[in-house]
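Colleague: Below is one structure. I have some questions about it.
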Amino acid sequence: MTSVAPYLVRAYHQWMEDSGLTPHILVDCSESNVVVPKPFIQQGKIVLNIANHATNALVIDNESISFKARFEGKSHDIFAPINAVLTIYAGENGEGMFFEKDQVSPKKEQKKPTLTILD
C-alpha cells in the first residue's frame, strides 16, 4: 500500500504557504540516499526550510522531496526520501505533523494451510 506521508507533506506544505507560514522539515540523515550539505547536519538530522521563496525547483512526490537551496550563499541540490522525513512544521508556531518511522518486521515463514474434512 502507498504511504500516506507524501500526501500529508504536500497538504501541510500548501496549507502553510497559504497561511503565510514557513514550512520546515526535519530529515533523518542516517537514511540512505539523503543528499544535504554535511556541515549543517546536527545529531544526525537537519532542518530544511521548504518554503517556495527559499527553494528552487521544489518537487514533493510520493518517493522523495528534492529542490535547490542556498546554504551560506552556495547553491546545493537537496534530496530526501519521504521515509527520511520525520516531521513537517511551521517555523513560526511549530504547527505540523510528526511521522512514525516505518517499522520493518522480519518476514515470517509461510506455512501451508492444513485442511480438515468435517462430516
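Colleague: Which of the residues belonging to the stretch 32-63 are small (Gly, Ala, Ser) and within 13 Å of the chain's Cα centre (by Cα)?
Modeller: Across the stretch 32-63, the qualifying residue is only Ser32.
Colleague: Among the residues of the stretch 80-94, are any of a type in the set (A, V, I, L, M, F, W, C), part of a loop (DSSP other than H, G, I, E, B) and without any contact (Cβ under 8 Å) to a residue 60 or more places away in the chain?
Modeller: Among the residues of the stretch 80-94, not one is of a type in the set (A, V, I, L, M, F, W, C), part of a loop (DSSP other than H, G, I, E, B) and without any contact (Cβ under 8 Å) to a residue 60 or more places away in the chain, which makes the answer no.
Colleague: Working carefully through the options His53, His24, His13, find the one that is assigned to a helix (DSSP H, G or I), buried (at least 19 other Cβ atoms within 10 Å of the Cβ) and of a type outside the set (D, E, K, R).
Modeller: Numbers: His53 fails: buried (at least 19 other Cβ atoms within 10 Å of the Cβ); His24 fails: assigned to a helix (DSSP H, G or I).
Selected residue: His13, the only one of His53, His24, His13 that is assigned to a helix (DSSP H, G or I), buried (at least 19 other Cβ atoms within 10 Å of the Cβ) and of a type outside the set (D, E, K, R).
Colleague: Kindly check whether there is at least one residue in the stretch 39-46 that is touching a Leu at 6+ places or on another chain (Cβ under 8 Å), closer than 20 Å to Gly20 by Cβ and assigned to a strand (DSSP E or B). Working first, answer last.
Modeller: Going residue by residue through the stretch 39-46, those that are touching a Leu at 6+ places or on another chain (Cβ under 8 Å) are 45-46.
Narrowing further to those that are closer than 20 Å to Gly20 by Cβ: none.
No; the residues of the stretch 39-46 include none that is touching a Leu at 6+ places or on another chain (Cβ under 8 Å), closer than 20 Å to Gly20 by Cβ and assigned to a strand (DSSP E or B).
Colleague: For the stretch 56-79, name all the residues that are open to solvent by 80 Å² or more (accessible area, probe 1.4 Å) and closer than 21 Å to Phe98 by Cα.
Modeller: Glu63
The values are calculated or read from the model by the stated rules, or taken from the named source; none is laboratory data. Please read these numbers as outputs of a predicted model, since none were measured by experiment. Glycine also receives a Cβ, built like all others from the backbone with ideal geometry; neighbour counts cover every protein chain displayed. For the accessible areas, the whole protein counts, side chains as well, though only heavy atoms, and no ligand, DNA or RNA atoms are used. Shrake-Rupley method; radii C 1.70, N 1.55, O 1.52, S 1.80 Å.
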